[in-house]
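First up is the structure itself, then whatever we jot down about it.
The values are calculated or read from the model by the stated rules, or taken from the named source; none is laboratory data. All figures in this text were calculated on a predicted structure; none of them were measured in a lab. As a convention, Cβ positions derive from the backbone with ideal geometry for all residues, glycine included, and neighbour counts pool all protein chains shown. When the accessible area is computed, the model is the full protein with side chains, heavy atoms only, and any ligands, DNA or RNA have been set aside. Shrake-Rupley method; radii C 1.70, N 1.55, O 1.52, S 1.80 Å.
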Amino acid sequence: MKIEFSGIAVPSQGTIVVGVLEERVLTPSAQMLDGRTSGALSRAIATGRFKGKKNQQLALVAPPGLTLDRIIIVGLGKASEIDTLRLEGIGGSLIGALNKAGDKVAAIVVDAIDGAPLPVGRMAAAIAYGARLASYRFDKYHTKQKEEDKPTLTELTIMSADAGAARAAYQPLDKIADGVFFSRDLVSEPGNVKHPETIAADVRGLSAIGIDVEIMGEARMKELGMNALLGVGQGSVRESQIAIMRWNGAPDGFDQQPVCFVGKGVTFDTGGISIKPAAGMEEMKYDMAGAGTVIGLMKALAGRKAKCNVVGLVGLVENMPDGNAQRPGDVVTSMSGQTIEVINTDAEGRLVLSDVLWYAQSHFKPKFIVDLATLTGAIVVSLGTYQAGLFANNDELATRLIAAGKAVDEHVWRMPLGDKYDKDINSDIADMKNVGKGREAGSITAAAFLQRFVNDVPWAHLDIAGMAWMKNGDNPTVPKGASGYGVRLLDRLVHDHYEAK
Ligand code: BES
Ligand code: MN
Ligand code: ZN
């Protein structure tokens, strides 16, 4: 779908969308169109339930005199409440409606609104961004899709009185959407296609947009003593990889200390010898979503040329049962020197992250580390699919993440850490074990485990097990399937606090 910006004009073909405010107050372009159609819009509104509430829609056939096909009236709600999130949602819902109706070309008219908090260019850009995010499809493996199941919309024009400002405001958003899409693609792909080696190859491709890429294979990891990560990949025929991405966008004279993001990239999680039940196991192809988010985030930051230094690291491993696989009860020595008793080979994400986190803090001395991982089923029980679990050893970082989450509608909810949970992972025969007390506080003991590998670096952990994959798709800008959750959140965190202005 191509998105373009232009001035306001009644198009000669396709569908036109105009806005109406709460209490059936027509925007200037809705009034103009009402005039051109001898009052067709106001009559349609008067006869039905349409009140102009946010996201309400009413479609009518264009009356004689106009060559275009259809008119959609969309509710904007109260003028004072028209913020970016509302507009993104409206843009997203419109994409759904236009494709459902079979429209090929459409124009959305965006008027300046008295009492609205945003200038018209920003409003137009937000609608375009929501539309773009909603247009995502992963249908490359359908060879027999029926015409009527394919999206039809190929051209969307966002019309406003300030197309220049709209285009400028959209430019970085378009780059963030590229990152979200890259992340969704990686997570949607099955485990036979995207495994550690192929994802590492995809990351290498990011050097084309100015990211420095380094890939570590198993030989290098052995030298470094990363036996916790290596143990997880031991049963797989695929070689484990760590991909390191560096974006150096900080201008001269600005703080050069990098910020750091770490992702769990278990490209398929069978559970290993502690094998998972068959039902639903196919979902474990998305156990690399933390890595998918970090990779997409790096693409977004480099794409919009963020003015700061950022390091992204992803631990790419496949967790398989095998004659050579790690056993329950095995003890491994991590890169940090700390020993781990592997009670359950299905608690593998924390083992992978332990070595990547240790390497990240010791090698890059970052300002902070945020890790993302589909770490525990327990966080899905706690928070469902509406927000990620946030664990942090630093209140400022936690507060900033919560605010960024609200700003972009990717919410996080802070969960506790503490000595008592930490003691739950002490082992009888090693420094720690990789599970706590049965099912109790499963997400917290997992986070407590990670905390032992970050030293005193400000750190936050996002357990995204409930957020990485959307089974229904009731959020207009997040289609069913891989969500790309976290790209927008962390882009916003960087933008608001860690970039040169
Ligand atoms: N990848 C899973 C967690 C998961 C569950 C992600 C559901 C997405 C959806 C993780 O590796 C895992 O298996 N965790 C175990 C930990 C347990 C063995 C302590 C779990 O949550 O059951
Ligand atoms: Mn597991
Ligand atoms: Zn896992």
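Helices that extend 27 Å or more along their long axis by alpha-carbon positions and average at least 0.0 on the Kyte-Doolittle scale are, among the DSSP H runs of the chain, 163-188.
For the stretch 387-501, state the average projected area of the convex hull of the C-alpha atoms over all orientations, rounded to one decimal in nm². Don't skip to the end; give the middle numbers.
Values: hull surface 35.3 nm².
Computing the convex hull of the Cα atoms and averaging its projections yields 8.8 nm².
Solvent-free Debye calculation, one equal scatterer per alpha-carbon of the stretch 2-159: log10 I(q)/I(0) at 0.14, 0.15, 0.20 Å⁻¹ equals -0.66, -0.75, -1.31. Name the lysines eligible as straight-distance cross-link partners of Lys420: C-alpha to C-alpha under 22 Å, and not fewer than 8 places from it in the same chain. Qualifying lysines at Cα under 22 Å: Lys433, Lys437. With N counted as the residues of the stretch 17-91, its alpha-carbon radius of gyration over 2.2 N^0.38 Å works out to 1.06.
Of the residues Gly164, Ile176, His363, the one whose Cα sits farthest towards the positive end of the charge dipole of the chain is Gly164 (charges of +1 on Lys and Arg Cβ, -1 on Asp and Glu Cβ, taken about the Cα centre).
The Cα atoms of the stretch 151-234 define a convex hull whose projected area, averaged across directions, is 9.0 nm². The residues of the stretch 176-497 expose, per residue, 37 Å² of accessible area to a 1.4 Å probe. Ordering 258-269, 198-209 by mean Cβ neighbour count within 10 Å, with the highest value first, yields 258-269, 198-209.
Once the other residues with Cβ under 15 Å from the Cβ of Asn472 are scored (Lys, Arg +1; Asp, Glu -1), what is the net sum?
Values: positive: Lys471, Lys480; negative: Glu283, Asp474.
My count for the surroundings of Asn472 gives 0.
Computed with a 1.4 Å probe on the full set of protein chains, the accessible area for Trp358 sits at about 50 Å². Here's the picture: charge each Lys and Arg Cβ at +1 and each Asp and Glu Cβ at -1 in the stretch 2-159, and of Pro117, Ile16, Ser135 the one pushed furthest to the positive end of that dipole is Ser135.
Accessible surface for Leu353 stands near 0 Å², nearest 10, in the context of the full protein assembly shown (1.4 Å probe). Overall shape of the chain was characterised from the C-alpha gyration tensor. The equivalent ellipsoid obtained from it has semi-axes of 46, 23, 20 Å, in decreasing order.
With contacts taken as Cα pairs under 8 Å at a separation of at least 6 residues, the stretch 176-497 carries a relative contact order of 22 percent.
Eigenvalues of the alpha-carbon gyration tensor of the stretch 340-402, scaled by 5 and square-rooted, set the equivalent ellipsoid semi-axes at 21, 21, 8 angstrom, largest first. In straight-distance terms, cross-link reach from Lys146 covers every one of the lysines whose alpha-carbon lies under 17 Å from its own, apart from those fewer than eight places away in the same chain; here that gives Lys100, Lys104.
Provide, for q = 0.13, 0.19, 0.20, 0.25 Å⁻¹, the log10 of I(q)/I(0) from a solvent-free Debye sum over equal Cα point scatterers in the stretch 82-140. Here log10 of I(q) over I(0) equals -0.35, -0.67, -0.73, -1.00. Separation of the stretch 104-182 from the stretch 21-88 is 19 Å, based on Cα centroids.
Alpha carbon centre of the stretch 399-441 versus the stretch 262-309: separation in Å? What the calculation gives is 19 Å, centre to centre.
If both residues of a DSSP beta bridge must be in the chain, then about 40% of such bridges are antiparallel. Using only side-chain charges placed at the Cβ, +1 for Lys and Arg and -1 for Asp and Glu, the dipole size of the stretch 1-67 relative to its Cα centre rounds to 200 debye. Solvent-accessible surface (1.4 Å probe) assigned to His363 amounts to roughly 110 Å². Step through the table entries Lys150/Lys276; Lys78/Lys299; Lys140/Lys175; Lys299/Lys471; Lys150/Lys175, compare each Cα-Cα distance with 30 Å, and write down the pairs that go over it. Beyond 30 Å between Cα atoms: Lys150/Lys276; Lys78/Lys299. Of the peptides 40-51, 297-308, the order by per-residue mean of other Cβ atoms within 10 Å, starting with the highest, comes out as 297-308, 40-51.
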